[in-house]
Amino acid sequence: MSDEVFLKYESNVRSYCRKWPVVFTKAKGSKIWDSNNKEYLDFFNGAGALNYGHNPSYITEKVIEYIASDGIIHSLDMYAGAKSEFITTLQEKILKPRGLKYKVMFPGPTGTNAVEAAIKLARKVTGRSSVFSLMGAFHGMTLGALALTTDKASRKGSGVNLSNVEHIPAPYYLNNTFDTIGYLEEILTDDHSGIDTPAAIIIETVQAEGGVYVLDDKFLRDLREFCTKHDILLIVDDIQVGCGRTGYFFSFERAGIVPDIVVLSKSIGGCGMPLSVVLLKDRLDVFNPGEHNGTFRGFQLSMVSGKAGIEMFINEDVASQVKKKEKIVESFLKKEIKPLLKNNQEYRGIGLIWGIDFKDGKLARKALDYCFANNLIIELAGRGDSVLKIMPSLVISEEELKQGLEIIKKAVMSVNK
Ligand SMILES: Cc1ncc(COP(=O)(O)O)c(C=O)c1O
């Protein structure tokens, strides 16, 4: 199968395919095959939508059973059995054991839908228009979410002013010395700062698209305290690093904080099915019926796969698996990759999301090309696409994990020779 049809008919906006210009036809676990039956190891995993790998049998079997039994597929936000089971599983197996009390809102199937709903809700609750996001953030591509997103290339496409957002330097600014909380405190208490108190501050606890920057536990706790003190809502965008990626179901658990609103998408759909949710504290449940709407908020197949994904997370003790594999990756990077790095190149990460920062997009691209030529699918992130983003499935075998890391080592050697 050739790429002819895509080159001829698909919009120029297509992007990932340009890095891996083959036609993929089949996938299982951490493996993906192209139309020539060439096998690749996948360290990209749908940008975080496939935490449990491709087509995990436990999940796909439930989906097949559901279709075969003529279960409801589409039902807007009518009451439906699959949705009832998804909500119950989320409440009983994830939220209650963590002492979290949230209502669940279904905003539409994508991550950016969840972000839009969250900031719209925060604005309605507080009556304030501005939202703060951190420099380096990625929160989606529709106008509201895009205003929070920071990379120039994405913002340029908006065609209008991106407004009602202030961007705050992240703690890793000024060579990891920036006092983000001190800065926030000053701009909100100085009556000459020109900056109004926002409705909410939205963060990713690990800036993934921004280049794999992990915000430390103390910062997260201080930010929680700051938001409470100033009556600002704290929104955690766990779309990419939630659902186990950091070794906890929610990425903020490591800091022991409770956000006011949490947005989830990608792997909450279990096996790559479109699903997103907004989790909100009871007191924030102020939308009138239908005030936020959308035809595909009730895609029941995603509820089936999402419920099965949560079950898999628990049954296979994915959190412990991630903590074990985190050690393998971290020690490999320290022992095998660090000695190969030059100048100010570095690696960063947590759980099963790591980045090798080449500080140069051309070098990172060379590493990606080397990996692809050696049957490893891996993506870039960060400023100038200079970071090779390592994101294996959370249930990858240790053998496959080491196999992929060895390819990355050879890529770094070839780039830095
Ligand atoms: C942290 C974060 N928020 C939001 C989004 C947007 O999600 P979607 O692409 O499903 O709209 C992404 C996508 O990569 C993301 O990583």
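Selection of region 228-248 for residues being among the charged types (D, E, K, R) and either more than 18 Å from GLY140 (Cβ to Cβ) or part of a loop (DSSP other than H, G, I, E, B) (or both) yields LYS229, ASP231, ASP238, ARG245.
Residues that are within 12 Å of the ligand (Cβ to nearest atom) and not aliphatic (A, V, I, L, M) were ranked within region 253-278; the one that is surrounded by the fewest Cβ atoms within 10 Å (Cβ to Cβ) is PRO274. Each residue in region 131-146 was checked for being surrounded by 20 or more Cβ atoms within 10 Å (Cβ to Cβ) and either of a type outside the set (A, V, I, L, M) or more than 13 Å from the ligand (Cβ to nearest atom) (or both), and 8 of them qualify.
Against the test of being out of contact with any Leu (no Cβ under 7 Å at 6 or more places or on another chain) and closer than 17 Å to GLY244 by Cα, the options ILE72, ILE59, ILE119 yield a single qualifying residue, ILE59. Selection of region 331-368 for residues being of a type in the set (Asp, Glu) and without any contact (Cβ under 8 Å) to a residue 24 or more places away in the chain yields only GLU346. Screening region 279-306 for residues that are part of a helix (DSSP H, G or I) and of a type in the set (Gly, Ala, Ser) and picking the one that is nearest to the chain's Cα centre (by Cα) gives GLY306.
Across region 76-91, not a single residue is classified as modelled with pLDDT of 95 or more and farther than 27 Å from GLY294 by Cα. Remark: pairs (first residue in region 214-241, more than 16 Å from the ligand (Cβ to nearest atom); second residue small (Gly, Ala, Ser); Cβ separation under 6 Å; 6+ apart in sequence or on different chains) = ASP217/ALA255; ARG221/ALA255; LEU233/ALA122; LEU233/ALA200.
Among the residues of region 37-55, those that are touching a Ser or Thr at 6+ places or on another chain (Cβ under 9 Å), more than 16 Å from the ligand (Cβ to nearest atom) and open to solvent by 10 Å² or more (accessible area, probe 1.4 Å) comprise ASN37, HIS54. Taking the criterion of being in a loop (DSSP other than H, G, I, E, B) and within 20 Å of ALA319 (Cα to Cα), the residues of region 19-61 that qualify are SER30, PHE43, PHE44, ALA49, LEU50, ASN51, TYR52, GLY53, ASN55, PRO56.
The values are calculated or read from the model by the stated rules, or taken from the named source; none is laboratory data. Here the structure is a predicted model, which is why all the values come from computation and not from measurement. Note that we place each Cβ from the backbone using ideal geometry, even for glycine, and neighbour counts take in every protein chain shown. The area values use the complete protein model at the heavy-atom level, side chains included, leaving out ligands, DNA and RNA. Shrake-Rupley method; radii C 1.70, N 1.55, O 1.52, S 1.80 Å.
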